[in-house]
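K.L.:
This is the structure, below, for whatever I ask next.
None of the figures in this text is laboratory data; all of them are computed from the coordinates on show. Computed from a predicted structure; not experimentally measured. Glycine also receives a Cβ, built like all others from the backbone with ideal geometry; neighbour counts cover every protein chain displayed.
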Amino acid sequence: MESKINYFALLIVITVGVAAGNLISNLITAKYIDAEVEKASVEISNELSSKPKKALQTIKKLTKPTAIENIMSQEQLVEQRKLDENGIRLAKNCSEWTVAHKDMNTQTSKRGMVKYCEQYQEYIRTGTLPPTN
């Protein structure tokens, strides 16, 4: 006997799993950043109590953005671009050309798919909009 797959239940399970994974990832990142801030504040307070001039150098060194902050800000920019008007428009173009290529499988549909999907990826990655024709 063939069993039927309940796609709605599968969608719910996957959605809950992705949401839980994102929440756990955010929690871990927040804890890591909290620990780094705590470590930096201890260093700063130690420096302030012993050597005020060197303390200023330490503060300047510690206030430069870390690699994690840069990655987080890049990820936030990518998410913003995906959700803004241009990102949605470019994603729709890419999707439509991809569907057209799957249906027709011609050189023209392939070129359109590659062109519009590359434009979307470029916009998401850099924020640069394609030239208007």
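K.L.:
Before anything else, pin down the relative contact order of the range 69-133: Cα pairs under 8 Å, at least 6 apart, normalised by residue count, whole percent. Don't jump to the answer; show the numbers that get you there.
P.N.:
Values: 43 pairs, mean separation 22.1, N = 65.
The normalised contact order for the range 69-133 reaches 34 percent.
K.L.:
Counting other Cβ atoms within 10 Å, keep those with at most 16, restrict to DSSP loop, and tell me which trypsin sites (Lys or Arg not before Pro) in the range 1-43 are left.
P.N.:
Of the trypsin sites (Lys or Arg not before Pro), the ones in loops of the range 1-43 whose Cβ has at most 16 other Cβ atoms within 10 Å are K4.
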